[in-house]
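Notes to accompany the following structure.
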Amino acid sequence: MAVVEASPEAQLRLLDLADVDAELARLEHRRRGLPEHAELSRLEQRDRELRDEIAALEATEGDLKREQGKAEADVEQVRTRIARDRARLDAGQVNSPRELGNLQSEIESLLRRQSDLEDVELEVMERRESAQARLSQAAEERQSGAANIHAVTARRDEALAELAEQQAKAADRRAAVVAEEPADLVDLYEKLRVQHGGVGAAALRRGQCMGCHLTLNTVDLNAIRSAAPDEIIRCEECRRILVRTAESGL
């Protein structure tokens, strides 16, 4: 592998590059962690739940509507038979005591049947009213949720646009620094940046690597003092490029 060398000025610019990369990383972290993302996810999940519930309620309400119609028809049929039998009685069309008794017995039976059917009809009506009330409530909640989704989406998009603008400016600064650096130095920096969580170079400050915060021993510091200015120094602990500065304590 070819030995990479660079002027002290080029090495110092690596710190500018590292600062920009750190800023880009922070911006990306903010972009991914916008609270609006989680809020939208929650709102959209609730919207899906309400959509499914509304579909089920509409189906149930439709079934109950048909059931109510049948119950009303059954009640009306019994009422019609009662009215017909009573009309026969009132018109004096029944002369036989036995037939009269049978007719009266039938009317009593029909009245009990009517009462039972009306109870069924009432129970179906109550179930349908309950389904309609919940359907209306769910529709209102979904409508309110849609307004919230619209508002949160607008906030998210505004925040994303602001972050994108900051990222673009940082990317331009990064490109300007990279353009001044030797290609082989940039290649080494990029390789180390990938290996070490986005930080490829760190300053040596008061005898300490600012990348891993290891304090160098006397032997290592003496070796750095004796190294040529254009030699690329690597931290013995984290292997990042170690940039000498006026604050290095050498």
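In this structure, the amide hydrogen of Arg240, modeled 1.01 Å from its nitrogen in the peptide plane, lies closer than 5 angstrom to those of Cys235, counting only residues at least 5 positions away or on a different chain. Ordered by the number of other Cβ atoms lying within 10 Å of each residue's own Cβ, fewest first, Val186, Val243 fall into the sequence Val186, Val243.
In the chain, the longest principal axis of the Cα atoms and the axis of helix 183-195 are about 50 degrees apart.
Quick check: the distance between the Cα centres of region 45-115 and region 180-250, to the nearest angstrom? Each part reduced to its Cα centre gives a spacing of 92 Å.
As a test, work out the antiparallel percent of DSSP beta bridges whose residues both lie in the chain, rounded to the nearest 5. Kindly include the intermediate steps, with their values, before the conclusion.
Details: 6 of 10 bridges.
Percentage antiparallel, nearest 5: 60.
Pair-distance distribution of region 67-129: all C-alpha pairs, bin width 10 Å, starting at 0; shares per bin in whole percent are 23, 41, 22, 12, 3. Which percent of the Cα-Cα distances in the chain go past 34 Å? Beyond 34 Å sits 59 percent of the P(r) for the chain.
For region 34-176, the percent of C-alpha pairs falling in each 10 Å distance bin, counted from 0 to the bin holding the largest distance, reads 10, 21, 15, 13, 11, 9, 7, 5, 4, 2, 1, 0.
Laboratory data are not the source of any read-out in this text; all were calculated from the coordinates shown. From a predicted model like this one, the values you see are computed outputs, not experimental measurements. A quick note on method: Cβ atoms are made from the backbone with ideal geometry, for glycine too, and the neighbour counts reach across all protein chains shown.
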